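What follows is one structure encoded as structure tokens, with my remarks underneath.
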């Protein structure tokens, strides 16, 4: 039972926010008076933005400072264990804080999304006491930022094929290999990495998870330029990087279970991010767009916008149910893949809608309100079909593990494709 009532907690949070921030200005009704900055929002730093890395460091410093203030007030990890700086309050208190903070002007917290949404829960579930003591409180207070090091050039959706290796040397492990598509690696302090520790075992076996210091000797981070113009992703190279054994996650050669924990949290985090219409794809912006271009009374556009809004709300409530289960102590399950697919679908719907409304204004930078700025979203959305697991993988997970449908038939890897094709034709 909570040692503070919801009313008392609301008063505590309100006092904190009033002392450290200011209320957001109400948005005018007319688009030509609108104060919204396109690209502003908690989910906008990263995939969809062309952010200069020097500017990014300034925003990161602001975000860290804000989380530091929250930590000092006991509001950094409201539902977390007290041993790691948490308050051990119910999930409802977390929602109270989020709803109150949304009314105030605060820095972008997107820098911490991966670390707190994916890495920290995995560390809490599988880490050693030493690693948890060392990192969990600092991650939630904003002192350090975490990233996820899973994908490789030859191991994306088929993660179990990864080849980055870790070899034991006494009380340490020596890491060598490459990871790719690592969001935020360039500003991260620690990373969760899955390596192959026994190449003689089947591919889902012989994997082990670790927490790795991203500033350690032998770690090289190189930016990957996207077609949006931004460079939120990176490729990371490990050359004889030493990791102490007390930074290991779970048992040796049991890293697949560690990876699944992270992936389920990842899909929950990604799916919950904008599936409900937050960030740059906010429906309020779409409504103002229709008003600005004189289309607010067009029945076809109104119908399409209503459909987008309904899908956002369905995703929002579905994600909320899953989030409540997780905050109550349940482990994220395969149903979180639904949230990931809903996010992708919703963003595609927004893209199609925006393209119809703007037409050529989408690609011609006329300086007009709410036009060209949507280009980054449209260019970035295709990546969401892959990020956190491709659409095809998500459908298989939902079909097989949620709906109980039979698995896809396996391939005969021992028979040449030409012979297999000829044999199939003959049998038909």
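Laboratory data are not the source of any read-out in this text; all were calculated from the coordinates shown. Note that the structure is predicted; figures quoted are calculated from it, not measured. Cβ placement follows ideal geometry from the backbone for every residue including glycine, while neighbour counts extend to all protein chains displayed.
Which residues does a label at residue 11 reach in region 70-106, if reach means a backbone N under 11 Å from a point 7 Å past the Cα toward the Cβ? Output list for this probe position: empty.
Which FRET efficiency, nearest 0.05, do residue 320 and residue 176 yield, Cβ-Cβ r, R0 41 Å? FRET efficiency, residue 320 to residue 176: 0.45. Here residue 245 and residue 303 are evaluated by their C-beta separation; at R0 = 56 Å the FRET efficiency comes out at 0.40. Listed peptides 177-190, 208-221, 392-405 appear in the order 177-190, 208-221, 392-405 once ranked by packing, highest mean of other Cβ atoms within 10 Å at the front. Sorted fewest first by neighbouring Cβ atoms within 10 angstrom, 56, 143 come out as 143, 56.
Starting from 0.36 nm per residue, how many nanometres of slack lie between residue 295 and residue 345 once their C-alpha separation is accounted for? Kindly include the intermediate steps, with their values, before the conclusion.
Values: separation 50, 0.36 × 50 = 18.00 nm, distance 2.38 nm.
Additional length available on full extension: 15.6 nm.
Extension gain for residue 143-residue 224 works out to 26.6 nm (0.36 nm per residue, less the C-alpha to C-alpha distance).
For the pair residue 352 and residue 364, the difference between a 0.36 nm per residue extended length and the Cα-Cα distance amounts to 2.6 nm. In this rough spin-label picture, where each label sits 7 Å from Cα along the Cβ direction, the residue 73-residue 205 distance is 5.2 nm. Between residue 99 and residue 216, the modelled label-to-label distance comes to 4.4 nm, taking each label 7 Å out from Cα in the direction of the beta carbon.
Ordered by packing density, taken as the mean number of other Cβ atoms within 10 Å over each peptide's residues, highest first, how do 3-11, 134-142, 248-256 rank? Don't jump to the answer; show the numbers that get you there.
Details: 3-11: 12.4, 134-142: 21.8, 248-256: 19.6.
Listed from highest to lowest mean packing, they are 134-142, 248-256, 3-11.
The label point for residue 287 and the one for residue 401, both projected 7 Å from the Cα toward the Cβ, are 3.8 nm apart.
With an a/c value of 1.5 or above and a/b larger than b/c for the gyration tensor axes a ≥ b ≥ c computed over the alpha-carbon atoms, region 95-240 is described as prolate.
Evaluate the relative contact order of region 115-230 (contact order divided by residue number), counting alpha-carbon pairs under 8 angstrom at least 6 apart; express in whole percent.
Values: 168 pairs, mean separation 25.1, N = 116.
Across region 115-230, relative contact order equals 22 percent.
Footprinting exposure proxy ranking of 204, 126, fewest other C-beta atoms within 10 angstrom first, gives 204, 126. The distance separating the Cα centre of region 212-265 from that of region 2-27 comes to 37 Å. So what's the gap between the Cα centers of region 365-388 and region 111-164, to the nearest angstrom? Here the answer is 28 Å between Cα centres.
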